[in-house]
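Report on the following structure.
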Amino acid sequence: MTADPLAAPGLSERALVDFLAGVVEQDAPGAPPAPLPEVVGALGLEPGSAVLLSAPNGVRMLTAFFAVLSAGCVPVPVAPSAGAGRITALAEGIGASAVLAPVLDPNRYGAGHVTRVGDLDLVRLPGAPRPHLSPGEVVLTTSGTSGIASGCVHGVDALLRNARRHAEAIGQRPDDTVLVNLPLHYSYGLVAQALAALVTGSRLVVSGPPFTPVQYREVVARQGVTVSSLTPSLVRGLTASGPPPDLRVLTVGGDACPPELTRELLSSAPGLELYLTYGLSEAGPRVATLAAHAEPAHRHASTGLPLRDVRTSLRPVGDGTAELLVHTDTALRRRLPAGLPSPLVAHRTVATGDLFTVDDDGYHYFRGRRSDSLVVNGEKVWLPSVREAASALPGVHRAVTRVRREDDGQGYELEVYVDEPSARRQAEIQRALHRVLLRAERPRRIILSPVTDTGWHK
């Protein structure tokens, strides 16, 4: 193996091999995953090369993530449901050299052949730029805050520090069994669960998505899970009968948790340690935590106090509101592509785009977002990228998004202006958008309007 970029934070090849050997994959295929050294040796990429990693939750995904790092390359986890169009756009935006996934058709990427690397296919992207990242870096994609083809560059040492601070805040212990059933391509699942288990020595069980309450309870009981993390939308499915009785710690993140939902959880599970968390990929990612079970009811609307060694401040933005700034040594190094506006407003200081208030005791309260985004089923959707993708389609003159709150949650509709609206044209636009948008990013409905209605011309 090459000089290990994980050695600085004290993670040797032996430590990684032992950790991966202890990961339990729920409903895993029969054949064991390829060992870490074998995957590292088969990559054959220049140090600093960005590698898009599109694999389902599991030991293979984690092995590939650490193998890319250990080879001196830069992993870029992406959704396993991402199609070739989405991956190509992301590769161009980030400057990736290769794609790593369970099954790849090289023709869809303009490549000549595939190389089998452990349990995954590797395609080297033709015309990829020279590596411009550094060994020991990770790119976390940020479709919810800056576009579908963008990412945050972090040092893996900073991600591990953030994971340790999060574990401290929720009282995670070496004898815990942690279930990760949130997507590992998102920072919440990767850092706050998988890396937190790595740095604390906790046992890790990997499952889903998709999530169902019945399957969730079965896995918790069968595997002796004591620590789990869910989004508010997933937690709602548990309120009828409460969380699994053997669960010691439940953390909720990815979106604001309504106080009434917090109260339902606590009343249905006496003795449960319930932690509400706030974070964003740009900050590395976790920022603040509330131990809801230990706080009075009037604080259940709060996201709590900052993690150890994390500071915050408020920047007035008008109308009596203020944006939260996060000062942390786990902040992103930079954003890709290079031309995007940076959330860094000072050294290690992230402008979150989120509106907050902070009470006299330092407890943080989320009040809304400044950015043109919304949360759908716990996942952020960046609407400017949707409009851009629609407007780039042949024959489309303009695209408009409108947020709609309905009984089953928040979503949006997309109005597209074309010369001659028709059902066939609508279906064509829908198919084209589905090739580049993830499921949560897709509009509830697409409305076609004649371009003459807008008085606007491309």
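The set of residues in the range 220-234 being in contact with an Asp or Glu (Cβ under 9 Å, 6 or more places away or on another chain) and either among the hydrophobic types (A, V, I, L, M, F, W, C) or not in a loop (DSSP other than H, G, I, E, B) (or both) consists of Val220, Ala221, Val225, Val227, Pro232, Ser233. For the condition touching a Pro at 6+ places or on another chain (Cβ under 9 Å), among the charged types (D, E, K, R) and at pLDDT below 95, Asp246 does not qualify.
For beta carbons closer than 9 Å, sequence separation of 6+ or different chains, a first residue in the range 408-436 that is at positive phi and a second that is open to solvent by 70 Å² or more (accessible area, probe 1.4 Å) and not in a helix (DSSP H, G or I), the qualifying pairs are Gly409/Asn377.
Conditions (1) more than 22 Å from the chain's Cα centre (by Cα); (2) of a type in the set (Phe, Trp, Tyr); (3) more than 23 Å from Gly189 (Cα to Cα), marked per residue:
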{"site": "Arg369", "(1), (2), (3)": "no, no, no"}
{"site": "Asp372", "(1), (2), (3)": "no, no, yes"}
{"site": "Val381", "(1), (2), (3)": "no, no, no"}
{"site": "Ser385", "(1), (2), (3)": "no, no, yes"}
{"site": "Ala389", "(1), (2), (3)": "no, no, yes"}
{"site": "Leu393", "(1), (2), (3)": "yes, no, yes"}
{"site": "His397", "(1), (2), (3)": "yes, no, yes"}
{"site": "Arg404", "(1), (2), (3)": "yes, no, yes"}
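For the range 94-118, a residue qualifies if it is open to solvent by 20 Å² or more (accessible area, probe 1.4 Å), under 23 Å from the mean Cα position of the chain (by Cα) and in contact (Cβ under 8 Å) with a residue 40 or more places away in the chain, and exactly one does: Pro102.
Filter the range 355-389 down to residues that are of a type in the set (S, T, N, Q) and farther than 13 Å from Ala322 by Cβ and give me whichever is most open to solvent (accessible area, probe 1.4 Å).
Per the criteria, the residue is Asn377.
Mind checking which residues of the range 213-229 are in contact with a helix residue (DSSP H, G or I) (Cβ under 8 Å, 6 or more places away or on another chain) and modelled with pLDDT under 95?
Correct list: Pro213, Tyr216.
Close contacts from the range 294-313, counting a first residue that is assigned to a strand (DSSP E or B) and a second that is modelled with pLDDT of 95 or more and open to solvent by 50 Å² or more (accessible area, probe 1.4 Å), with Cβ to Cβ under 9 Å and a gap of 6+ residues or different chains, come to Leu305/Asp361; Thr312/Val358; Ser313/Val358. Please work out which residue is nearest to Leu52 (Cα to Cα), limiting yourself to the range 73-91 and to residues that are surrounded by fewer than 22 Cβ atoms within 10 Å (Cβ to Cβ) and out of contact with any Ser or Thr (no Cβ under 9 Å at 6 or more places or on another chain). By that ranking, first place goes to Thr88. The residues on offer are Arg333, Arg315, Arg286, Arg308, and the sole one that is open to solvent by 60 Å² or more (accessible area, probe 1.4 Å), under 20 Å from the mean Cα position of the chain (by Cα) and not small (Gly, Ala, Ser) is Arg333.
The values are calculated or read from the model by the stated rules, or taken from the named source; none is laboratory data. Keep in mind the model is a prediction, meaning the values are calculated, not measured. In this analysis, Cβ positions are derived from the backbone assuming ideal geometry, glycine residues included, and neighbour counts consider all displayed protein chains. For the accessible areas, the whole protein counts, side chains as well, though only heavy atoms, and no ligand, DNA or RNA atoms are used. Shrake-Rupley method; radii C 1.70, N 1.55, O 1.52, S 1.80 Å.
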